[in-house]
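**Student:** Structure in structure tokens, see below.
The values are calculated or read from the model by the stated rules, or taken from the named source; none is laboratory data. Since the model is a prediction, treat every value here as computed from it, not as a measurement. Here the Cβ is made from the backbone with ideal geometry for all residues, glycine too, and neighbour counts use every protein chain on show. Please note that ligands, DNA and RNA were not included when accessible areas were found on the heavy atoms of the full protein model with its side chains. Shrake-Rupley method; radii C 1.70, N 1.55, O 1.52, S 1.80 Å.
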Amino acid sequence: MKVVRTRFAPSPTGFLHVGGIRTALFNYLLANQRGGQFILRLEDTDRQRFVPEAIEQIVDGLAWLGLKPDDGFWISGGTPQNIDYIQSNRQKSGTYQKLADKLVGDGLAYYSPTTTKELENLRLQASKAKKPFLYRRVIDGNNSDKLLPNVPIRLNIEALKRTNVEWQDEIRGKFADSLTNIEDFIIIKSDGFPTYNFANVIDDHQMNISHIIRGEEFISSTGKYGLLYDIFKWNRPKFIHLPVINGSDGKKLSKRTGDTNVLEYRDKGYLPEALLNFLALLGWNPGDGSTQEIFSRDELVKAFSLKAVNKSPAIFDQKRLDWINGQYIRQLTIDKLFVLSQSFWPKQSKHFDDSYKKAVLALVQERLKFLAELPQLTNFFFEDLPIDHKLITNHKQLSKLSKDELKSFLRSAKQILLKSDFSVTDLTNKLNELLKITGQKPVVLFSLIRIASTQASASPQLADTLAVLGKERSLKRIESTVNEV
Ligand code: GLU
């Protein structure tokens, strides 16, 4: 059997987004599952849209996610590794021009000097006449078999003497495109660079790619690629087009619904394994009625199957990503979580030692969905926040109590907590005693003590929270609330 070789071929025209990473991941999974190779190629032939910083961001994104290629323009570390996988480099060495010249020589392609302005006019005329516009060699009569400088080369569709092109998608079945819908598309642009349409076919062939896995937006051009494979008499690789990813509003994924630079997920404290797990489920599921949702990288490599890739749009559900990430955070040891959370602590935490911070982490680990939530969930552990009266006035039960009642409950709390050693067990006993003495329900009394000691409407278990805050801090805060309530 042929060795499986897949490739991820990003264009450095912008930042790598989740859709791109999903494509990279599916290519990575198939190659690793079949003992094949996963190749990383840089498609930088669009010089007008070229964004140099995008290359570094692509590399950083892949490195962060551990999607390590077996070969490519980058494998690991900071510097480019194999420049044969960079299209601009291949262009310099004449790879594409040579093949285009051969097509021109065979009468299957031609230099087309029609200017952009003339083209626009032709398009305009066609649209006025309500006719589809399709560029053909006869259009301006200026076209030439001779080399013309700074002029694009187009494929000569009519010279192919065929009516249609058929191709197969491994998950969507057969496609047939009529050549009456395919214009004489450009293969080499006026700047001498190949178009994506031309270069991807040549590269995939010369790089022995066996499976092309990419987004479904390429379905409409795959007929063109099929033609090129046939013209060069090259075997076609297998084509697999992944379903589009929509936002939870059912519309095309946008920045608002999750389509952000993948490194923003890193910066918000999503774990790479969790993001990969989530992305793997966008367009693939384990099938056989399995409801498994958490997959390690190795499990994904084992369970992945092209047959189980869906055709219908995948939905980017931010809540699901948060849930999955939360599951991964819960699996971490406190020491590991502590290491990962270094850059996320609230500012004031710098005055506290590691063991205090670890104790805080142990309390919030259950509730953390991503690490950037840390300040919001833990700031009260590190600073005395100003009294927030709304926490009481908006509280269903507490709002019914008079100031005197509130003060008196807080005083009783302080009295009894003064006698506690602030271990969780003792605090639990003392708090229960307090319920008995005051005849109040936990929802009243514990909420009040929580608000007084944290100035937050929600916190981990009260006894746990007080134990970490410590006796001095807790009692001081209760006391100031008595004075200000
Ligand atoms: N360079 C193309 C892109 O970034 C890759 C398309 C493909 O995978 O063939 O969209």
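**Student:** Name the pairs: first residue in segment 53-80 and farther than 19 Å from SER296 by Cα, second residue of a type in the set (D, E, K, R), Cβ to Cβ under 7 Å, at least 6 apart or on different chains?
**Tutor:** Note: pairs meeting the criteria are GLY72/ARG41; PHE73/ARG41; ILE75/LYS68; SER76/LYS68.
**Student:** Let me ask something else about it. When you scan segment 166-239 for strands (runs of 3 or more DSSP E) that lie fully inside it, which ones turn up with 3 or more residues that are closer than 25 Å to PRO313 by Cβ? Break it down stepwise before answering.
**Tutor:** Details: elements: 173-178, 186-188, 211-215.
Counting at least 3 such residues, we get 173-178, 211-215.
**Student:** Taking helices (runs of 4 or more DSSP H) that fall entirely within segment 246-345, which contain at least 1 residues that are closer than 27 Å to PRO375 by Cβ and open to solvent by less than 60 Å² (accessible area, probe 1.4 Å)? Can you show your working first?
**Tutor:** Working: elements: 262-267, 272-280, 297-303, 318-331, 334-340.
Ranges flagged: 262-267, 272-280, 318-331, 334-340.
**Student:** Here are the criteria: (1) under 18 Å from the mean Cα position of the chain (by Cα); (2) within 11 Å of the ligand (Cβ to nearest atom). Tell me which single one SER254 does not satisfy.
**Tutor:** (2)
**Student:** When you look at THR115, is it under 18 Å from THR195 (Cβ atoms) and β-branched (Val, Ile, Thr), yes or no? So that I can check it myself, show each step before the final result.
**Tutor:** Working: under 18 Å from THR195 (Cβ atoms): yes; β-branched (Val, Ile, Thr): yes.
Here the answer is yes, as THR115 does meet what is asked.
**Student:** Moving on. In a helix (DSSP H, G or I) and either closer than 27 Å to HIS351 by Cβ or without any contact (Cβ under 8 Å) to a residue 12 or more places away in the chain (or both): is that true of LEU445 in this structure?
**Tutor:** On the way: in a helix (DSSP H, G or I): yes; either closer than 27 Å to HIS351 by Cβ or without any contact (Cβ under 8 Å) to a residue 12 or more places away in the chain (or both): no.
Considered against the rule, which asks whether it is in a helix (DSSP H, G or I) and either closer than 27 Å to HIS351 by Cβ or without any contact (Cβ under 8 Å) to a residue 12 or more places away in the chain (or both), LEU445 comes out as no.
**Student:** What number of residues within segment 396-425 satisfy the criterion of being farther than 19 Å from LYS476 by Cα, more than 46 Å from the chain's Cα centre (by Cα) and open to solvent by less than 50 Å² (accessible area, probe 1.4 Å)?
**Tutor:** 1
**Student:** Does ASP46 meet the test of being open to solvent by 60 Å² or more (accessible area, probe 1.4 Å) and either within 12 Å of the ligand (Cβ to nearest atom) or charged (D, E, K, R) (or both)?
**Tutor:** On the way: open to solvent by 60 Å² or more (accessible area, probe 1.4 Å): no; either within 12 Å of the ligand (Cβ to nearest atom) or charged (D, E, K, R) (or both): yes.
Spelling it out, it is not the case that ASP46 is open to solvent by 60 Å² or more (accessible area, probe 1.4 Å) and either within 12 Å of the ligand (Cβ to nearest atom) or charged (D, E, K, R) (or both).
**Student:** Hey, another quick one. Can you find a residue that is over 25 Å from PHE193 (Cβ atoms) and among the polar types (S, T, N, Q) anywhere in segment 41-63?
**Tutor:** Checked segment 41-63: no residue is over 25 Å from PHE193 (Cβ atoms) and among the polar types (S, T, N, Q).
**Student:** Ok, one more. Taking segment 100-137 only, how many residues are among the hydrophobic types (A, V, I, L, M, F, W, C) and open to solvent by less than 30 Å² (accessible area, probe 1.4 Å)?
**Tutor:** Going through segment 100-137, the residues among the hydrophobic types (A, V, I, L, M, F, W, C) turn out to be 100, 103-104, 108-109, 119, 122, 124, 126, 129, 133-134.
If we keep only those that are open to solvent by less than 30 Å² (accessible area, probe 1.4 Å) as well, we get 100, 103-104, 109, 119, 126.
Here the count works out to 6.
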